[in-house]
Every structure is written in structure tokens, then in C-alpha cells.
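This report refers to the structure that appears directly beneath it.
The values are calculated or read from the model by the stated rules, or taken from the named source; none is laboratory data. Being a predicted model, the structure only gives us computed values, none of them experimental. Heads up, the Cβs are rebuilt from the backbone with ideal geometry, glycines too, and the neighbour counts pull from every protein chain shown.
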Amino acid sequence: MAGRRPRAARRARTRGHAALVRDLERLARLEPGGSPDRPLAVESVAQVDVMATRRPCPLCEGNVRLVEHVAETVDGIRLRVAQIACTLCGVARARYYRLDEPPALH
């Protein structure tokens, strides 16, 4: 009976960790840039690479690296999509950006 307690405790920790990861992933998708319907506004395509790597991984707070940066059209809206990966935990995700025109000078 004593042999089952450590295993049960490990399973409970694993379930708790999995639930935490799901919640953190859900929150990351709700943040600005976390989904195509919540893109971050940028004035220049050059800003995407810098902004994509500025924020840490939402799961482990590790640094992220840019894997690729592409243009996509989602629901008729032209977006820039930065595919990033965490250098610590390895989780890959996308961050979404919308290119806004700079204000016209009068």
C-alpha cells in the first residue's frame, strides 16, 4: 500500500501541471498578439521580428527565438505571423501582428 502513495502523488502533480499548462496556453491566446483575432498593431514589418522575441515564453518565462516570419491573410485581414519557439521549454507558438499605416502628415 505504501508503494502506491508516491505514484499517486506523482500522478496528481502531473495532472496539476497539465492543467496549469492548459490554463497558461489559454491565457497566452487571449493576450494581444496571441491569436489572429487579437493582432498587435505595428507600423513597420521590421518591428515584427523585434517584438516577437521581446516577450518571454508564457509557460516558463524563458527567452524565445524567431523561427520564421510570414504574411498570411486571415478572414480577409492581412497579418504578419511570427512563429517562435522557447529556448528553454521548446514550446512553439505563433504571435500575430497587423500592419497599420502610419498617420498621414499634413
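In segment 38-48, what residues are among the charged types (D, E, K, R) and either farther than 26 Å from Ala18 by Cα or over 14 Å from the mean Cα position of the chain (by Cα) (or both)?
Glu43 - this is the single residue of segment 38-48 that is among the charged types (D, E, K, R) and either farther than 26 Å from Ala18 by Cα or over 14 Å from the mean Cα position of the chain (by Cα) (or both).
Which one of the conditions (1) more than 19 Å from Gly90 (Cβ to Cβ); (2) in contact (Cβ under 8 Å) with a residue 24 or more places away in the chain does Cys57 fail to meet, given that it meets all the rest?
(1)
Counting only residues that are part of a helix (DSSP H, G or I) and aliphatic (A, V, I, L, M), which one in segment 31-48 is farthest from Cys86 (Cα to Cα)?
Among those residues, the one meeting the criterion is Ala46.
For residues in segment 49-106 being among the hydroxyl-bearing types (Ser, Thr, Tyr) and either in a strand (DSSP E or B) or in contact with a helix residue (DSSP H, G or I) (Cβ under 7 Å, 6 or more places away or on another chain) (or both), which is farthest from Asp23 (Cα to Cα)?
Thr73
Are any residues in segment 22-36 free of Cβ contacts under 8 Å to residues at least 12 places away in the same chain and charged (D, E, K, R), and if so, which ones?
Arg22, Asp23, Arg26, Arg29
So in segment 63-78, with the set limited to residues that are modelled with pLDDT of 95 or more and under 24 Å from Arg26 (Cβ atoms), which one is surrounded by the fewest Cβ atoms within 10 Å (Cβ to Cβ)?
Looking at residues that are modelled with pLDDT of 95 or more and under 24 Å from Arg26 (Cβ atoms), I get Arg65.
Give just the number: which of (1) of a type outside the set (Val, Ile, Thr); (2) without any contact (Cβ under 8 Å) to a residue 12 or more places away in the chain; (3) in contact with a Leu (Cβ under 7 Å, 6 or more places away or on another chain) does Ala52 not satisfy?
With (1) of a type outside the set (Val, Ile, Thr); (2) without any contact (Cβ under 8 Å) to a residue 12 or more places away in the chain; (3) in contact with a Leu (Cβ under 7 Å, 6 or more places away or on another chain) applied to Ala52, the lone miss is (2).
Count, please, the residues in segment 1-57 that happen to be out of contact with any strand residue (DSSP E or B) (no Cβ under 9 Å at 6 or more places or on another chain) and among the hydroxyl-bearing types (Ser, Thr, Tyr).
Number of matching residues: 1.
Within segment 7-14, can one find any residue that is hydrophobic (A, V, I, L, M, F, W, C), in contact (Cβ under 8 Å) with a residue 40 or more places away in the chain and not in a loop (DSSP other than H, G, I, E, B)?
No, segment 7-14 contains no residue that is hydrophobic (A, V, I, L, M, F, W, C), in contact (Cβ under 8 Å) with a residue 40 or more places away in the chain and not in a loop (DSSP other than H, G, I, E, B).
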